[in-house]
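Heads up, the thing below is written out as structure tokens.
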Amino acid sequence: MFLRLVLRTMSVIAACTLLVAVASAAEIEVIDLTGIDTGYIDLRVQVDDKHSLLVLTGKLNSRTVTGERIVGNVILKITLEDANGNRLDSRQITVSAGNLDEALSKKIGNTLPGLSRVRVESQKVTQADIDRSRRKAREAAIRATGWSKEIKARVIRGEAWIGMTREQARLSLGEPSNVIETITSAGRRELWSYNNLYLYFDNGVATMIQQSR
């Protein structure tokens, strides 16, 4: 009888311990709208009942789901909702660029009564965003010049030609990797190097183009 009572008591204690363990790590539904690749580790929000804290775990890779490389920090906007989708509160955390591709564990504040799910969105900058911004700025600078439509079109296409100016070369091809300047009796000659392309400028105008193959 005594042994049966001890076993029953131990079973009750074990069951209570299991319930506490489950409650202390209860999970909230997560709606991931970040657009960031998480690999095989999905974003999760767990409730630490002991401290009434919400903890976001998982992994954020340094690329989006479409493969674009993320540059810089990622800001996560977190919206807490009830079962009907009503907003209870919003939080914001920052994941530094150095923590991308690593296991994530971030406290996102205290839990709230009625909390049922968490919506996670992101503010991020990708290399493609930077490239698009630079391309738009470049095209705006080209259109703002007084050049003819034909010259503007050639510069936008990134061409090099005899007779182009140094300004046109910069906007068309970018900054050269190297410049060699020579002063002669006829004036100033410059050699601009672009990988396998070489432009010779006499007094600011391209007079010769060489290309290695």
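Listed values, structure above:
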{"item": "Search result, residues across segment 155-213 that are among the hydroxyl-bearing types (S, T, Y), within 26 Å of R134 (Cβ to Cβ) and either touching a residue at least 40 places away in the same chain (Cβ under 8 Å) or not in a strand (DSSP E or B) (or both)", "result": "T165, S172, S177"}
{"item": "Qualifying position, being at pLDDT 90 or above, surrounded by 14 or more Cβ atoms within 10 Å (Cβ to Cβ) and part of a loop (DSSP other than H, G, I, E, B), among L104, L76, L115", "result": "L115"}
{"item": "Check on I180, among the β-branched types (V, I, T), more than 30 Å from E27 (Cα to Cα) and more than 26 Å from the chain's Cα centre (by Cα)", "result": "yes"}
{"item": "Any hit, segment 93-111, residues being touching a helix residue (DSSP H, G or I) at 6+ places or on another chain (Cβ under 6 Å) and of a type in the set (K, R)", "result": "no"}
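The values are calculated or read from the model by the stated rules, or taken from the named source; none is laboratory data. Here the structure is a predicted model, which is why all the values come from computation and not from measurement. All Cβ positions, glycine included, derive from the backbone under ideal geometry; neighbour counts span all protein chains shown.
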